[in-house]
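Participant: Let me begin by handing over the structure; questions about it come next.
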Amino acid sequence: MNILDADFTLYQIEQTLEERFKTDEKMLRTIGDLDLTYEDYKYLVLKLKGISKYITKIEVFEQYKLSIITAMVFSVRYEKSTKSIYQQIRKTLNKLQQHQLRFVIRVTTNVFYELGLSTYGVEMNTINDILEVIAIHANLSKEEQNIIFRMLDNYYEEGEDVLLEEELYEKMNAEIHKAYPHLTHNTINLSICYLLKDLYASCSSNRYTLNQLLMQYNQLSKKLIEDCYDWTRTYSSNKNRLAQVR
């Protein structure tokens, strides 16, 4: 994102993040779609430390909401320790009073809806709903994606049996849970499983352009769709058969 190129203030970082999501041609659906390097992430965390004592104050959270949420998302991607920013802020939020919690939920929900960010079918009514949606926005890594793509390829190669489908969802669900140990919300896992299965079939059919897929699967990460599109054209053994049945 090049937020390190200039000595941006936290306010300027907040404005930059908002502009990135409001630029339609980038077609960003998840916060993890941002090109935020590890160095950018550490710089953002450093800037947030300056307001860490005031993060529970309503006006501070509202002013830097996107910076705080973005730091939490990339904390899930880049850090696995119990002292990560995600875990620290999670503990802080869970200690808030009820009126403060309601405010955080409202502000965070507005961020997702106003910027058109996916909530994976979850109605964000509690702080745990908010935290889990934030966690899933870190996106699957390339390695985790490839494991799931291979599962889907094997499933279609074996013939799309009902029992095989149940087994497929169990395996995918387990893999997603390994990638996101923070998640307990089964709605998110199942929603992602269904969407990934359908996306994979569409990509393998060779009937859709990348732009059509990006428009059709607007709940999924842009990077995930691009990677699935490329993977099916490079590795899939089912593209010809799926083109015939769809």
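Participant: Among the numbered conditions (1) in contact with a Ser or Thr (Cβ under 8 Å, 6 or more places away or on another chain); (2) farther than 18 Å from Phe61 by Cα, tell me where Phe112 comes up short.
Facilitator: (2)
Participant: Now for a separate question. Condition test on Ile188, is it open to solvent by less than 10 Å² (accessible area, probe 1.4 Å), modelled with pLDDT under 90, in contact with a helix residue (DSSP H, G or I) (Cβ under 9 Å, 6 or more places away or on another chain) and assigned to a helix (DSSP H, G or I)?
Facilitator: The answer is yes for Ile188.
Participant: Every residue in the stretch 103-158 that is of a type in the set (Ser, Thr, Tyr) and assigned to a loop (DSSP other than H, G, I, E, B), please.
Facilitator: Ser118, Thr119, Tyr120, Thr126, Ser141
Participant: Say whether the condition of being closer than 30 Å to Leu210 by Cα and touching a helix residue (DSSP H, G or I) at 6+ places or on another chain (Cβ under 8 Å) is met by at least one residue in the stretch 77-97.
Facilitator: In the first step, residues of the stretch 77-97 are kept if they are closer than 30 Å to Leu210 by Cα; the result is 77-78.
Checking which are touching a helix residue (DSSP H, G or I) at 6+ places or on another chain (Cβ under 8 Å) leaves us with 77-78.
Yes: the stretch 77-97 contains one or more residues that are closer than 30 Å to Leu210 by Cα and touching a helix residue (DSSP H, G or I) at 6+ places or on another chain (Cβ under 8 Å).
Participant: Take the residues in the stretch 30-49 that are out of contact with any helix residue (DSSP H, G or I) (no Cβ under 7 Å at 6 or more places or on another chain) and open to solvent by 20 Å² or more (accessible area, probe 1.4 Å), then tell me which one is farthest from Ser221 (Cα to Cα).
Facilitator: Lys49
The values are calculated or read from the model by the stated rules, or taken from the named source; none is laboratory data. Computed from a predicted structure; not experimentally measured. Note that each Cβ is placed from the backbone with ideal geometry, even for glycine, and that neighbours are counted across all protein chains shown. Ligands, DNA and RNA are excluded from the accessible area calculation, which covers all protein heavy atoms including side chains. Shrake-Rupley method; radii C 1.70, N 1.55, O 1.52, S 1.80 Å.
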